[in-house]
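Presented below is the structure to which this report refers.
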Amino acid sequence: MCMERIPTTSRSLDHYYHINGDTFEKQYKEILSGYREWSELSHAEQWLVFPENMGESLCIDETAPSNGELYTVVSNRASRGGKGTLVAIIKGVSSGAVIEALMRIDEDRRLTVKEITMDMSNSMRLIARRCFPNAIRTIDRFHIQKLACDALQEMRIAHRWDAIQAETDAREKAQCMGHTYTPVILANGDTHKQLLARSRYLLFKPADKWTESQRQRAEVLFEAYPDLKEAYSLTHSLRMIFSKNSIKDAARLSLARWYDKVNRSGFKSFNVIAATLYEHYDEVLNFFVNRATNAFAESFNAKIKAFRTSLRGVTDIKFFLFRLTKLYA
């Protein structure tokens, strides 16, 4: 027998239980939930800290639970996204405010943290260094790979604008001469403009995962635009450094070779990435100690956003955080 899915919002209970959903929502918030007696209510919008949820491996990231307002979230990887995951949630990303809130945790507990993963933000590095001095700081490999992918896509987009401009100019010239404009068709049936537009997704993928049509398109693309082939090779080789190496010293040597390739390529965007990597060299190489990433933090952020979506948005940030802590703290 097919069961109809019962909605979970209070206003949707009218039809099923013949109650006033709005009234029930108010009663739940004011009386049933215990929200008004919550010990953290006075400062909930600014900071929430749960020292009992500390662990040896933490993640730190930012999220926007309401109206684009950023909060810094510290989570415990060992709790696997269930109860005990939330160590702290603090309004803003200012290192000063976050450090002040985290310092409320006893020093003995903070010194037990062995590793903390983060993105490439300087404020996150400062927070980790000040609050968890015994922990190794590991920058997420996926943030680094994304920079390389963005640089590659930036080059593809620049070529696409050039192709659009060239096609527009050729069409106008043909019209002025009274001719019918016919675009150049490449070996796979695309025009230059189409080729560059349709190559977006294949440039994100390793070559061994291309479909047959993507393989044909890539051959035409790289023949027409050799610089994209070289940039794709740089992006792929950076990905392979993180995928194949398991020893920190070997990875250090591989990254040095990658720097040399970038320098010889002359690509401005990739030189910026190389300089950024050099600045964060030690934290990047710490990935090869435990192969830890910030994927757990991203997954936990997705849970927060899914919870927000199930509530049809957030009107009372304090009440939202109250319910969030009941689930994850």
(request) Compute the FRET efficiency between R36 and R200 as 1/(1 + (r/R0)^6), taking r as their Cβ-Cβ distance and R0 = 35 Å, and round to the nearest 0.05. (result) 0.10
(request) With θ set to phi - 60°, apply the Karplus curve 6.51 cos²θ - 1.76 cosθ + 1.60 along the range 195-204 and write out the HN-Hα couplings as whole Hz, x wherever there is a Gly or Pro. (result) 4, 6, 6, 7, 8, 4, 6, 5, 6, 7
(request) Enter the accessible area of R323 (Å², nearest 10), with the probe set to 1.4 Å and all protein chains included. (result) 70
(message) Amide H of E62 versus every other amide H placed in the peptide plane: which residues, excluding those fewer than 5 positions away on the same chain, fall under 5 Å?
(response) V73
(message) Nearest 500 deg cm²/dmol is fine: what mean residue ellipticity at 222 nm does the chain get from its DSSP H runs of n ≥ 4 alone, each adding -39,500 (n - 2.57), divided by its residue count?
(response) -16500 deg cm²/dmol
(message) Give me, ordered by chain and number, the residues 5 or more places off I136 or on other chains with an amide H under 5 Å from its own placed amide H.
(response) E115, I116
(message) Probe radius 1.4 Å, ligands and nucleic acids ignored: give me the carbon and sulfur share of the accessible area of the chain as a rounded percent.
(response) 51
(request) Find the centroid of the Cα atoms in the range 59-115 and in the range 126-152, then give the distance between the two in whole Å. (result) 15
(request) Please work out the average accessible area per residue across the chain, using the 1.4 Å probe convention, and give it in Å². (result) 55
(request) Show H143, H280 ordered by accessible area, largest first, where the area counts protein heavy atoms only and the probe is 1.4 Å. (result) H143, H280
(request) Please list, in chain and number order, the residues 5+ apart from W47 or on another chain whose amide H is under 5 Å from its amide H, with Hs placed from the backbone. (result) K91
(request) Diagonalise the Cα gyration tensor of the range 63-176 and give the resulting equivalent ellipsoid semi-axes, square root of 5 times each eigenvalue, largest first, whole Å. (result) 46, 15, 13
(message) With N set to the number of residues, divide the alpha-carbon radius of gyration of the chain by 2.2 N^0.38 Å and report two decimals.
(response) 1.31
(request) Give me the Kirkwood hydrodynamic radius of the range 123-181, using the inverse of the mean 1/r over all pairs of distinct Cα atoms, in Å to one decimal. (result) 15.8
(request) Compute the relative contact order of the chain as a whole-number percentage, counting only Cα pairs closer than 8 Å that sit 6 or more residues apart in sequence. (result) 20
(request) Pairs to check: K173/K205; K261/K305; K146/K193; K244/K305; K114/K244; K205/K303. Give those whose C-alpha atoms are more than 30 Å from each other in this structure. (result) K173/K205; K261/K305; K244/K305
(request) For the range 134-288, go through all pairs of different Cα atoms, get the mean of 1/r, take its inverse, and jot down that Kirkwood value in Å. (result) 17.5
(request) Multiply the residue gap between A207 and A166 by 0.36 nm, knock off their C-alpha separation, and tell me the result in nm, one decimal place. (result) 11.8 nm
(message) Give the aspartates and glutamates whose C-alpha is closer than 17 Å to that of K91, dropping any in the same chain fewer than 8 places away, or say none.
(response) E40, E45, D61, E62, E69, E100, D316
(request) Whenever you get a sec, line up H192, H159 from highest to lowest accessible area (probe 1.4 Å, protein heavy atoms). (result) H192, H159
(message) If I require 15 Å or longer along the helix axis, counting alpha carbons, and a Kyte-Doolittle average no lower than 0.5, what helices from the chain are left? Use full DSSP H segments.
(response) 317-328
(message) Need one number: % antiparallel among DSSP beta bridges in the chain, to the nearest 5.
(response) 65
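The values are calculated or read from the model by the stated rules, or taken from the named source; none is laboratory data. Keep in mind it's a predicted model, so treat the numbers as computed, not measured. So basically every Cβ, Gly included, is an ideal-geometry build from the backbone, and we count neighbours across all protein chains shown. Accessible surface is based on the protein model in full, side chains and every heavy atom, while ligands, DNA and RNA are left aside. Shrake-Rupley method; radii C 1.70, N 1.55, O 1.52, S 1.80 Å.
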